[in-house]
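To start, the structure itself, in structure tokens.
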Amino acid sequence: MTSEMDPFLAEVMKLRGGKDVLECYQCGTCSASCPALPDMIHGPRRIMYMIQNGMEQEVLSSPDIWRCVSCYSCMNRCPRGIEITVLFSELRRLAIQKGYVDDKEAEFGQAFTVTLAQHGRQFEPELLARYYLRVWDVLSLLGMVPLGLKMLVKGKLPFAPEHIQEPQALQEAGVIPPAKDLPGGGWIDQVIALMITVLGFMDALVKLASGKKEAQHG
Ligand code: SF4
Ligand code: SF4
């Protein structure tokens, strides 16, 4: 039977979260539960339909797979138990692997995923730096520095990333791809490491200055 199956459908069924795609009976619960639907073109229900019909180009080049915020609403409510959130994560990986990714939204999605994979939580300064470096938009990155510094000093942004105890649990849950599939290494990681060191140094200076102020007033 597999030999007659559409190759893209067969490929998706081998992905994590993909084995039950043929069980989807288009009830629409996933799309009705999706907080990102207003920003999507198709929504998860239609993405499932397109997968069932072997529409590789439409699925893998769809911005919808990058607009998914991995909230698990669809997956928790699907009456067929389809692991939609996990599958969307896999579709993003497949889109990168097959070269369907060439727009800024997808670059942002990758910057988001890599940052999340590093710490288990988002770290906004790193996310923005990774994104602007990926799209070679250094001018925009530099343009954000004054605002970013102001927010850091006022405590609106953290100086250092927070870490969860077991970031690998996110990979096991399918929120982010396995480490081997993440784009990593290279000069962007080195720039980010330098940035985090500089931010740590600034954090220490700010704490020192506020400590001195308190001592003068105390
Ligand atoms: S909730 Fe499940 S069965 Fe219903 S349309 Fe979505 S994927 Fe298909
Ligand atoms: S996991 Fe993604 S596709 Fe599913 S409801 Fe949340 S945002 Fe929508």
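Numerical summary
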{"read-out": "Residue of V206, V21, V59 that the Gaussian network model of the chain assigns the largest fluctuation, springs spanning Cα pairs under 10 Å", "value": "V206"}
{"read-out": "Loop-located chymotrypsin sites (Phe, Trp or Tyr not before Pro) in the range 1-71, at most 13 other Cβ atoms within 10 Å (DSSP)", "value": "Y25"}
{"read-out": "Residue-averaged 222 nm ellipticity for the chain, from DSSP H runs of 4+ at -39500 (n - 2.57), nearest 500", "value": "-18000 deg cm²/dmol"}
{"read-out": "Which of H42, H119 has the fewest Cβ neighbours within 10 Å, and the rest in rising order", "value": "H119, H42"}
{"read-out": "Chymotrypsin sites (Phe, Trp or Tyr not before Pro) within the range 127-158, DSSP loop, no more than 11 other Cβ atoms inside 10 Å", "value": "W136"}
{"read-out": "Distance histogram for the range 68-140 (every C-alpha pair counted, 5 angstrom bins, percent rounded to whole numbers)", "value": "3, 15, 21, 21, 19, 12, 5, 3, 1, 0"}
{"read-out": "Overall form of the range 1-102 per C-alpha gyration tensor (a/c, 1.5; a/b vs b/c)", "value": "oblate"}
{"read-out": "Protection proxy ranking of 158-166, 75-83 - average other beta-carbon atoms within 10 Å, highest first", "value": "75-83, 158-166"}
{"read-out": "Ranked packing of 105-115, 189-199, most packed first, by mean Cβ within 10 Å", "value": "105-115, 189-199"}
{"read-out": "Per-selection Kirkwood Rh - the range 58-196 (Cα, Å, 1 d.p.)", "value": "16.1 Å"}
{"read-out": "Length-normalised contact order for the chain - Cα pairs under 8 Å, 6+ apart - percent", "value": "17 percent"}
{"read-out": "Axial C-alpha extent at least 30 Å, average Kyte-Doolittle at least -1.0 - helices from the chain (DSSP)", "value": "186-217"}
{"read-out": "Proximal lysines relative to K212, as straight alpha-carbon distance under 19 Å, when same-chain residues fewer than 8 apart are discounted", "value": "K154"}
{"read-out": "Theoretical gain in end-to-end length, K98 to M144 [0.36 nm per residue, Cα-Cα removed]", "value": "13.3 nm"}
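We did not get these values from a lab; they are worked out from the coordinates using the rules stated. Everything numeric in this text was worked out from a predicted model, so none of it was measured. Quick reminder, even Gly has a Cβ in these numbers, built from the backbone with ideal geometry, and neighbours come from all protein chains shown.
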